[in-house]
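Some notes on the structure that comes next.
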Amino acid sequence: MKNLLKFITCGSVDDGKSTLIGHILYDTKKLYTDQEQALELDSKVGSRGGEIDYSLLLDGLMAEREQGITIDVAYRYFTTDNRSFIVADTPGHEEYTRNMAVGASFADLAIILVDASQGVLVQTRRHARICALMGIRYFVFALNKMDLVDYSEEKFRKIEADIQALAQELKLYSVKIIPVSATAGDNLTQHSDAMPWYTGTTLLNYLENVDIDEASHEEGFYMPVQRVCRPNHTFRGFQGQIEAGEISVGDEIHVQPSEETAHVKSILVGDKDAQTARAGQPVTIQLDREIDVSRGRVLTKDSHITCAKAFQATLLWMDDEPLTEGKEYFVKVGTRTIAGEIRSIRYKTDVNTGEQVQAHSLKKNEIAYCDITVAEEIPVDTFEKHKTLGEVLFIDRVTNMTSACGVVEALVQDSSADRTVQFQSEDGTVKTHLFETVYMQLDSGLVGRYDPQGVQFKIGDKLPLTGEGYAYPDSFDIIARESKQVVRIINGIYAEVVPLAQYQVDGVPLVDARGNAIAVSTQDGLQEYLTTVAQDEAKLNELLHFETFRKIVFRSGEQEDYVI
């Protein structure tokens, strides 16, 4: 028997997802006698003229039966002679996209139903994109309701071409297209006589034989620590599920983020001793020496997992409240939950066309590529390399609601350096925030800051003096108080760096490292400013003027920015 297959069904409203799975269960005789009798009785009092309504096997909520739609995710378990299955029947309505995403997060394969009479719809594209985002690599597009288009091969070929174009756009790993009728049972468990032009496999036969393991490979061993087990003073074990690789007694492991090392003293799988444990097993690992390990840390071996404080991720926004840049959330990666923020939205993706659109906020069910920062360095990796440490959740700090889910696309190893404007010289580097944008979200009242990706200048380089949130004169001097240096800009060119102790005020405008104008024009005034910085905050506020060269950008949802 092949391994367990976890799959989901998804598609637009009334595409027949529940009917399809219900019919497979009915045809394979995976129902108890009382379930079968109840199904036939419920169908007789329904609206289908007494014919069996297979969707009733999965639509369990009263609201679902009343409306004839799926609302919640329904999980069913069944086994054939060749394989065991767990199937999640997910909602098709856009309002319940977050429920569909939850179902997709557990699955290895997705069955996306397409109504043969309507073709590929926006919801088809949305669900395919979300499934791909959640790491699903195997797709079955079931062209349902072929009976309503008279089993037309021409109709099938046209939709098949549209699906193949979508698969190419989303770079889907494996795609199978099967024409079916969920109500009539065509090509579900047996080949249909009504479609002799289709010579491929049936849906159930494909599910029984698809090899999902060939696409999955993660480097090395790693286990996020879920719990520290201390039953008595003589035992201290670290519990969790092995996500990749294997570990044996005597192996040397590394702990992230502390990078301490130790050797495995013992392994317990359940309550039984083991010499080796592998991916998928929940274990308790005891080490040969006391080191600092707690929930959220990761035990690794040959996995090359690193730590980062900033990363970029693709997110599906699931909250009714819109996402705004700069708001803080609880960020969950692996077993670690930490404070963090969505620093900026690089772009959102149009689910229909795949176009990248500039945005500063996200509405429910929208997808975007974002810059994320967390309070301290944590073990994290890209989703492509290590799946569990590349999955990320955002939890609202007030309501405790899951606001977004997504996957890590890239790590930023030095977030502070990456977010500064650097002036390089023979004497070192002066770091500033000269091109920072300060913005306020009108919808939420939140104030945020955004620096562009790390910008570096060498002497002689020309500076971009005008931008979204700033406009500097052609000539000015930057007083970098912390590094005790002065950067001189002459006619828009980075001219030189001089030590602050040797600098002489010559009448050009002065700014601090964040671009605030310093309201002094003499050497004595500069000395007063340098002294005031350390001694008198109220006086300092009189000397620094943000509005001279900097502007606040006001943002409102999808509308254009307003600069004041």
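Okay, here's what the table says:
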{"item": "Some residue of region 250-270 being assigned to a loop (DSSP other than H, G, I, E, B) and within 27 Å of residue 7 (Cα to Cα)", "result": "no"}
{"item": "Answer from 219, 208, 246 - the residue that is surrounded by fewer than 19 Cβ atoms within 10 Å (Cβ to Cβ) and over 26 Å from residue 378 (Cβ atoms)", "result": "208"}
{"item": "Top-ranked residue of region 465-488 - restricted to ones that are farther than 18 Å from residue 545 by Cα and among the basic types (Lys, Arg), ranked as modelled with the lowest pLDDT", "result": "484"}
{"item": "Qualifying strands (runs of 3 or more DSSP E) (wholly inside region 275-342; at least 2 residues being within 25 Å of the chain's Cα centre (by Cα) and hydrophobic (A, V, I, L, M, F, W, C))", "result": "298-301, 307-317, 328-333"}
{"item": "Of all residues making up region 463-481, the number that are hydrophobic (A, V, I, L, M, F, W, C) and in a loop (DSSP other than H, G, I, E, B)", "result": "2"}
{"item": "Residue pairs meeting the criteria (Cβ under 7 Å; at least 6 apart or on separate chains; first within 7 Å of residue 408 (Cα to Cα) and outside the structural domain of residue 343 (by TED's automatic domain parsing), in region 382-395; second among the small types (Gly, Ala, Ser) and outside any loop (DSSP other than H, G, I, E, B))", "result": "none"}
{"item": "Some residue of region 131-146 being within 25 Å of residue 388 (Cβ to Cβ), buried (at least 20 other Cβ atoms within 10 Å of the Cβ), modelled with pLDDT under 85 and of a type outside the set (Asp, Glu)", "result": "yes"}
{"item": "Selection count where residues are out of contact with any Lys or Arg (no Cβ under 9 Å at 6 or more places or on another chain), of a type in the set (Gly, Ala, Ser) and either on the phi < 0 side of the Ramachandran plot or outside the structural domain of residue 297 (by TED's automatic domain parsing) (or both), scope region 249-274", "result": "2"}
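The values are calculated or read from the model by the stated rules, or taken from the named source; none is laboratory data. Bear in mind that the values here come from a model prediction, so they are computed numbers and not experimental data. Don't worry about glycine lacking a Cβ; one is built from the backbone with ideal geometry, like all the others, and counts go over all protein chains shown.
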